[in-house]
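A.B. asks: Okay, handing you the structure first.
The values are calculated or read from the model by the stated rules, or taken from the named source; none is laboratory data. Here the structure is a predicted model, which means the values were calculated and not measured. Cβ: placed from backbone, ideal geometry, glycine included. Neighbour counts: every protein chain shown.
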């Protein structure tokens with residue numbers, strides 16, 4: 001089913017849902033309490049794309065020194081002209097929750113144009129005295145907060161400042177006491193940086209740690225991500241004969257100041273080899289952002305570790321009957337390659353404003369304007385390396401039931 005048919009199908013579900021108002025259903029089977037619900041989401045509007053110096057579909061060619069002379073960028077399905085879109089942003093979902101004594105479980109299925117996916121599936125046991133143990137797939141407890149930006153696949157400024165660490169299988173211990181919450185998790189490691197000359201081995205679980213504090217109107221949550229794995233050489237001699245350790249660490253802090261008139265929130269993060277574990281670039285035009293590389297570009301004796309940082313700030317204020325929000329995000333990374341033909345660092349940024357208007361119970365409409373700048377390509381092409389911008393003007397529909 002193509003994107004437009006999916007879009008109209010979701011519109012139909014929304015119309016039916018508004019005609020027959022329904023919220024999450026609760027029922028009991030034996031000694032277990034169940035909750036069944038979901039969320040239907042749709043985006044529509046216009047996307048104005050400017051590719052500036054680096055046009056989509058450019059062929060990849062090299063000079064005598066093996067340097068690229070034309071941009072290695074292909075943006076299939078994106079026109080140079082203005083585009084109208086009516087699409088499922090990819091995060092509509094259905095969920096089922098269950099509680100039985102000290103045990104609770106939760107499963108959530110994502111409904112996207114490409115098909116179904118498992119968003120969450122986990123169980124947790126209440127150990128008492130504010131302690132609990134969770135096992136399964138759910139949010140990584142690092143930089144958990146995001147802006148309420150909704151267009152561009154409901155990404156919340158991901159790729160433009162927000163560190164979205166996603167969902168992963170994990171074992172997690174939580175402790176809550178007074179106004180402090182501690183989360184410690186061992187989760188499945190990500191191995192995004194690999195090479196054909198190496199086997200990926202000795203993959204240790206990623207360590208995730210966060211500690212949130214409530215200080216009156218102010219909340220602060222520092223968090224940490226750490227993982228390491230080894231690229232095992234497949235050659236006994238030569239430039240690719242040494243094993244390589246790939247280590248990623250990320251430090252982040254989220255904060256929110258809640259006042260009667262508005263809520264000011266934000267995030268700052270910094271790390272090494274961030275893209276080897278966290279998706280900070282797949283939605284941007286520079287997909288190598290924050291990724292390490294083999295030292296010296298080609299000799300394979302070690303890797304160039306790459307530092308990157310970013311963050312966002314958001315102001316949200318109640319404006320009856322809805323909520324007005326605006327925000328800004330920015331991220332920067334060292335370029336993994338070295339030499340005169342390469343930038344020393346690259347960056348992206350974005351700004352948005354929206355207004356969430358509640359229509360009826362569970363159903364809201366959010367008009368939004370989003371502007372994002374993709375910065376420069378890492379390589380300084382002769383014709384320029386500005387990757388251009390996107391402007392989104394549209395409306396996000398959401399029905400939670």
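A.B. asks: Output the residues belonging to segment 305-318 that are in contact with a strand residue (DSSP E or B) (Cβ under 7 Å, 6 or more places away or on another chain) and either closer than 15 Å to residue 161 by Cα or modelled with pLDDT of 95 or more (or both). Steps first, please.
C.D. replies: Step one: filter segment 305-318 for residues in contact with a strand residue (DSSP E or B) (Cβ under 7 Å, 6 or more places away or on another chain), giving 305-317.
Matches in segment 305-318: 307, 308, 309, 310, 311, 312, 313, 314, 315, 316, 317.
A.B. asks: Now for a separate question. Across segment 169-180, which residue is nearest to the chain's Cα centre (by Cα) among those that are surrounded by fewer than 18 Cβ atoms within 10 Å (Cβ to Cβ) and modelled with pLDDT of 95 or more? Can you show your working first?
C.D. replies: Applying the first criterion (surrounded by fewer than 18 Cβ atoms within 10 Å (Cβ to Cβ)) to segment 169-180 yields 169, 171, 173, 175-180.
So of that shortlist, the ones also modelled with pLDDT of 95 or more come out as 169, 171, 173, 175-176, 180.
Details: 169: 16, 171: 21, 173: 23, 175: 26, 176: 26, 180: 26 Å.
The extreme case among them is 169.
A.B. asks: Looking only at segment 186-234, count every residue that is in contact with a strand residue (DSSP E or B) (Cβ under 6 Å, 6 or more places away or on another chain) and within 30 Å of residue 259 (Cβ to Cβ) and tell me the total.
C.D. replies: Counting residues in segment 186-234 that are in contact with a strand residue (DSSP E or B) (Cβ under 6 Å, 6 or more places away or on another chain) and within 30 Å of residue 259 (Cβ to Cβ) gives 13.
A.B. asks: May I pose another question? Would you pick out the residues in segment 361-372 that are within 28 Å of residue 288 (Cα to Cα) and touching a residue at least 40 places away in the same chain (Cβ under 8 Å)? Give the derivation first.
C.D. replies: So the first thing to find is which residues in segment 361-372 are within 28 Å of residue 288 (Cα to Cα), and the list is 369-372.
The answer is 370, 372.
A.B. asks: Before we move on, is residue 165 in contact (Cβ under 8 Å) with a residue 12 or more places away in the chain and not in a strand (DSSP E or B)?
C.D. replies: Details: in contact (Cβ under 8 Å) with a residue 12 or more places away in the chain: yes; not in a strand (DSSP E or B): yes.
Yes: the conditions hold for residue 165.
A.B. asks: Please go through (1) assigned to a strand (DSSP E or B); (2) at pLDDT below 95 for residue 183 and return the number of the only condition it doesn't satisfy.
C.D. replies: Only one criterion in (1) assigned to a strand (DSSP E or B); (2) at pLDDT below 95 is unmet by residue 183, namely (2).
A.B. asks: The conditions are (1) touching a strand residue (DSSP E or B) at 6+ places or on another chain (Cβ under 6 Å); (2) farther than 14 Å from residue 142 by Cα; (3) surrounded by fewer than 22 Cβ atoms within 10 Å (Cβ to Cβ), and residue 273 fails exactly one of them. Which is it?
C.D. replies: (3)
A.B. asks: Can you confirm whether segment 142-156 contains a residue that is modelled with pLDDT of 95 or more, assigned to a strand (DSSP E or B) and crowded, with 16+ Cβ neighbours inside 10 Å?
C.D. replies: Looking through segment 142-156, none of the residues is modelled with pLDDT of 95 or more, assigned to a strand (DSSP E or B) and crowded, with 16+ Cβ neighbours inside 10 Å.
A.B. asks: I've got another one for you. Give me the pairs, please: first residue somewhere in segment 169-195 and free of Cβ contacts under 8 Å to residues at least 24 places away in the same chain, second residue anywhere and outside any strand (DSSP E or B), beta-carbon distance under 6 Å, and either six or more positions apart or on two chains.
C.D. replies: Cβ pairs passing all conditions: 186/205.
A.B. asks: Any residue at all in segment 239-246 that's touching a helix residue (DSSP H, G or I) at 6+ places or on another chain (Cβ under 8 Å), assigned to a strand (DSSP E or B) and in contact (Cβ under 8 Å) with a residue 40 or more places away in the chain?
C.D. replies: If we filter segment 239-246 for residues that are touching a helix residue (DSSP H, G or I) at 6+ places or on another chain (Cβ under 8 Å), which is where we start, we get 246.
The next check asks that each one be assigned to a strand (DSSP E or B); those that pass are 246.
This time we only want the ones that are in contact (Cβ under 8 Å) with a residue 40 or more places away in the chain, so: 246.
Yes: one or more hits.
A.B. asks: What number goes with the only condition from (1) closer than 30 Å to residue 41 by Cβ; (2) surrounded by fewer than 16 Cβ atoms within 10 Å (Cβ to Cβ) that residue 345 does not pass?
C.D. replies: With respect to (1) closer than 30 Å to residue 41 by Cβ; (2) surrounded by fewer than 16 Cβ atoms within 10 Å (Cβ to Cβ), residue 345 is out only on (1).
A.B. asks: Tell me, yes or no, whether segment 95-102 has at least one residue that is touching a residue at least 24 places away in the same chain (Cβ under 8 Å), more than 27 Å from residue 30 (Cβ to Cβ) and out of contact with any helix residue (DSSP H, G or I) (no Cβ under 7 Å at 6 or more places or on another chain). Spell out how you get there, then give the answer.
C.D. replies: Step one: filter segment 95-102 for residues touching a residue at least 24 places away in the same chain (Cβ under 8 Å), giving 95-102.
Retained after the next criterion (residues that are more than 27 Å from residue 30 (Cβ to Cβ)): none.
Within segment 95-102, not a single residue is touching a residue at least 24 places away in the same chain (Cβ under 8 Å), more than 27 Å from residue 30 (Cβ to Cβ) and out of contact with any helix residue (DSSP H, G or I) (no Cβ under 7 Å at 6 or more places or on another chain).
A.B. asks: Assuming residue 207 fulfils every condition listed in (1) touching a residue at least 24 places away in the same chain (Cβ under 8 Å); (2) out of contact with any helix residue (DSSP H, G or I) (no Cβ under 7 Å at 6 or more places or on another chain) apart from one, which condition is it?
C.D. replies: (1)
A.B. asks: If you go through segment 133-144 one residue at a time, do you hit one that is closer than 14 Å to residue 312 by Cβ and touching a residue at least 24 places away in the same chain (Cβ under 8 Å)? Steps first, answer last, please.
C.D. replies: Taking segment 133-144 first, the residues closer than 14 Å to residue 312 by Cβ are 143-144.
Restricting the remaining residues to those that are touching a residue at least 24 places away in the same chain (Cβ under 8 Å) gives 143-144.
Yes, segment 133-144 contains a residue that is closer than 14 Å to residue 312 by Cβ and touching a residue at least 24 places away in the same chain (Cβ under 8 Å).
Here's the yes/no breakdown for (1) buried (at least 18 other Cβ atoms within 10 Å of the Cβ); (2) part of a strand (DSSP E or B); (3) free of Cβ contacts under 8 Å to residues at least 24 places away in the same chain:
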{"site": "282", "(1), (2), (3)": "no, no, no"}
{"site": "329", "(1), (2), (3)": "yes, yes, no"}
{"site": "336", "(1), (2), (3)": "yes, no, no"}
{"site": "352", "(1), (2), (3)": "yes, yes, no"}
{"site": "359", "(1), (2), (3)": "no, yes, no"}
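A.B. asks: Being exposed (fewer than 15 other Cβ atoms within 10 Å of the Cβ) and modelled with pLDDT of 95 or more is true for just one of 236, 199, 217. Which residue is that?
C.D. replies: After applying the criteria, what remains is 217.
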